[in-house]
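Each value in this text was obtained by applying a stated rule to the coordinates, not by laboratory testing. Every value quoted in this text rests on a predicted model; they were computed, and no experiment measured them. For neighbour counting, all protein chains shown are included, and Cβ atoms are generated from backbone atoms with ideal geometry for every residue, glycine included.
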Amino acid sequence: MSRTRIADLLRSETSPGTVVVKGWVRTKRDSKAFSFLEVNDGSCLANLQVVADATLTGYAEAVVPARTGASVEVEGTVVASQGQGQRWELQATRVTLVGAAPEDYPLQKKGHSLEFLRSIAHLRPRTNLFGAVFRVRSRMAYAIHRFFQERGFVHVHTPIITSSDCEGAGEMFRVATMDGERMRTGGEEFFGKPAYLTVSGQLEGETFACALSNIYTFGPTFRAENSHTSRHAAEFWMVEPEIAFCDLAGDMALAEEMIQFLVADALASCAEDLDFCNRFVDKGLVERLEIVRDRPFERISYTAAVELLRASGEVFEFPVEYGLALQSEHERYLTERHFRCPVTVHDYPKEIKPFYMRRNDDGKTVAAMDLLVPGIGEIVGGSQREERPEVLSANLREQGVDESDYAWYLDLRRYGSVPHAGFGLGFERLLMFVTGVGNIRDVIPFPRTPA
Ligand code: 4AD
Ligand code: MG
């Protein structure tokens with residue numbers, strides 16, 4: 001008999017009759033006449049209550065030792081639940097102990113700290129919170145593909161090993177063979193030149209946008225920035241659409257539409273998991289997401305944002321001055337205190353942005369945008385790209401980048417150049433926003449952060 005997912009069983013309108021379920025015991029309560037087992041198979045947040053009579057064949061061998069953490073297979077009849085809260089429970093006719101769990105199983109009781117659970121990353125998916133977070137993660141990955149595929153974007157797989165530093169910040173991990181000694185003595189490089197783990201698929205993505213018009217990438221990216229914050233990881237996933245024949249206004253509109261689409265999808269398809277997060281992680285979560293889904297976002301130029309922050313009378317740790325990057329505290333003031341909704345800040349000073357961003361006519365700013373959300377700050381960063389070859393060359397020179405390394409990138413501007421724009425959405429930042437989880441380490445299956 002094939003296995004029935006507990007999510008499907010609990011959702012049935014009428015009793016599915018006799019079924020087999022397989023999962024892990026969350027808790028067990030014994031009385032003289034029977035045992036109640038709470039079984040979870042990860043298909044949904046809820047456990048299925050299994051009632052096993054003490055008269056059941058094999059009760060002593062299978063049910064008595066089926067402690068918290070053990071895996072079981074249960075065949076039985078689905079009957080209306082006596083207790084409240086759930087429609088169905090399972091009256092067992094056969095219980096098999098698939099894998100026992102001794103008493104040192106670390107998840108015996110509820111209420112472990114997130115820090116402790118990070119130390120047992122291999123077992124934490126078996127908790128309510130991490131089950132919920134990783135189901136939402138899966139669903140959001142699917143929703144991202146749906147959003148772009150439904151709009152005719154072509155999914156491009158950009159390389160993980162690359163020699164270009166897209167963000168120009170030098171925060172890259174070096175890729176080398178194990179034979180490090182040969183490298184130090186100036187011996188040959190595996191690829192003939194230094195190679196790194198990608199910080200962004202954008203530059204390669206641009207080559208495809210300048211052929212297929214609308215593309216997106218979705219994959220792992222790596223940053224060797226030594227940021228010890230709750231929002232930075234050394235390995236994270238990014239979604240990077242790139243659109244030909246598009247300017248900054250079109251770019252901002254797409255980013256806003258995407259965020260609203262993803263939030264709406266999460267509310268509609270992850271209701272049970274988000275309700276759990278709303279109760280145990282962040283009490284205002286669902287209400288905040290509904291506002292984000294239903295109301296237009298704000299936009300403000302960097303210059304106006306700096307004026308607004310300076311006039312706010314607020315005391316910030318970091319200075320607010322034209323020409324300096326906005327810090328997280330400034331971004332959060334804009335989204336949480338001033339506008340109380342997501343805000344797109346656009347047209348930043350060219351000095352604080354990478355070489356590829358399009359220079360504005362004022363000569364001071366570039367066509368950049370950051371989409372900021374309450375609770376997190378920057379979730380999306382993007383820009384219109386510099387499509388004029390001579391301006392791009394000047395930018396490269398100004399930022400001390402060797403033009404010969406970007407000859408192919410300049411070629412895109414020499415042969416049929418088009419205005420184009422794109423952005424990067426930090427996938428984990430999106431998940432933090434959607435689940436209310438406050439630390440990026442808790443939305444990544446196996447987080448990689450600096451020691
Ligand atoms: O703003 P960033 O650095 O932009 C780029 O990489 C561009 N090449 C994107 C593009 O235009 N195609 O990164 C984009 C987003 C940020 O807004 C943030 O959400 C996320 O990636 N991000 C990180 N997320 C987790 N850990 C880190 N260390 C991150 N660095 C950036
Ligand atoms: Mg950025």
> What is the Cα coordinate range of the chain on the first, second and third principal axes, sorted by size from largest, in whole angstrom?
Replying inline: 85, 57, 43
> Along the positive direction of the dipole of the stretch 106-199 (beta-carbon charges: Lys, Arg +1; Asp, Glu -1; about the Cα centre), which of 140, 157, 176 reaches farthest?
Replying inline: 140
> What nm value, rounded to one decimal, do you get for the distance between residue 151 and residue 352 when each label is placed 7 Å out toward the C-beta?
Replying inline: 2.7
> Rounded to a whole number of µm²/s, how large is the Stokes-Einstein D of the stretch 1-95 at 10 °C and 1.306 mPa s, given Rh as the Kirkwood radius over C-alpha pairs?
Replying inline: 122
> Give me the log10 of I(q) over I(0) for the stretch 320-451 at q = 0.12 Å⁻¹, as the Debye formula computes it from C-alpha points; what are the numbers?
Replying inline: -0.60
>> As a footprinting exposure proxy, order 289, 430 by other Cβ within 10 Å, with the fewest listed first.
In response: 289, 430
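At a Förster distance of 22 Å, what's the computed FRET efficiency of residue 229 paired with residue 275, Cβ-Cβ distance as r, to 0.05? Present the calculation step by step, with values, prior to reporting the outcome.
Details: r = 28 Å, r/R0 = 1.29.
Calculated transfer efficiency: 0.20.
Could you work out the equivalent-ellipsoid semi-axes for the stretch 98-246, taking the square root of 5 times each eigenvalue of the Cα gyration tensor, largest first, in whole Å?
With the √(5λ) rule applied to the stretch 98-246, the semi-axes are 35, 27, 13 Å.
In what sequence do 369, 140, 1 fall when counting other Cβ within 10 Å, fewest first?
Numbers: 369 26, 140 22, 1 7.
With the fewest neighbours first, 369, 140, 1 line up as 1, 140, 369.
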>> If R₀ is 51 angstrom, what is the calculated FRET efficiency for the pair residue 211 and residue 327, using the beta carbon separation as r and rounding to 0.05?
In response: 0.85
> Which value in deg cm²/dmol, rounded to the nearest 500, describes the helix-derived mean residue ellipticity at 222 nm for the chain, given -39,500 (n - 2.57) per DSSP H run of n ≥ 4 and division by the residue count?
Replying inline: -9000 deg cm²/dmol
